[in-house]
1. Over all directions, the average projected area of the alpha-carbon convex hull for the chain comes to how many nm²?
2. How far is helix 33-48 tilted off the main Cα axis of the chain, in degrees rounded to 10, range 0 to 90?
3. Counting only C-alpha contacts under 8 Å and six or more residues apart, can you give the relative contact order of the chain as a whole percent?
4. Can you put 59, 42 in order of Cβ neighbours within 10 angstrom, beginning with the fewest?
5. When the helix-only estimate is applied to the chain (DSSP H runs of n ≥ 4, each -39,500 (n - 2.57), divided by the residue count), what is the mean residue ellipticity at 222 nm, nearest 500 deg cm²/dmol?
6. Evaluate the distance, in nm, between pseudo-label points positioned 7 Å from the Cα of residue 38 and of residue 62 along their respective Cα→Cβ axes.
7. Between residue 25 and residue 9, what is the label-to-label distance in nm when each label sits 7 Å out along the Cα-to-Cβ direction?
8. Relative to the first principal axis of the alpha-carbon coordinates of the chain, what is the inclination of helix 8-26, with its axis defined by its Cα atoms, in degrees from 0 to 90 and to the nearest 10?
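Readers should treat all values here as calculations from the given coordinates under stated rules, not as data from a laboratory. Nothing here was measured: the structure is a model prediction, and the numbers come from that model. Glycine gets a Cβ as well: all are built from the backbone with ideal geometry, and neighbour counts include every protein chain shown.
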Amino acid sequence: MESAPFHHDLVQLQAAWNRTYDALAAEPRPTANTALRRRLLMLSARLWWHPFWSGPGRMPAALPELRSQARALDAQR
């Protein structure tokens, strides 16, 4: 099966979202809890409204593949 052709900035956004979520979940009460929550909300909105999703044939069902590509991007770093 061929991977979905995600825009590079969309994959980077998802990777940033993953890192922020992981940082928020790492400790029960991280010192930057409010800042991390705000960042997560901002990244969520940017992911949701990214122009990629408005193209023809683009479905939310592609989200698992996007998340997989974002994890692969982080693993390369």
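1. For the chain, averaging the hull's shadow over all directions gives 5.8 nm².
2. Between the helix axis and the principal axis of the chain, the angle is about 10 degrees.
3. Over the chain, the number comes to 50 percent.
4. By the 10 Å Cβ count, ascending, the order reads 59, 42.
5. -21000 deg cm²/dmol, from helical runs alone.
6. If labels sit at residue 38 and residue 62, their model points lie 3.2 nm apart.
7. So the two model labels end up 2.8 nm from each other.
8. It is inclined by approximately 30 degrees.
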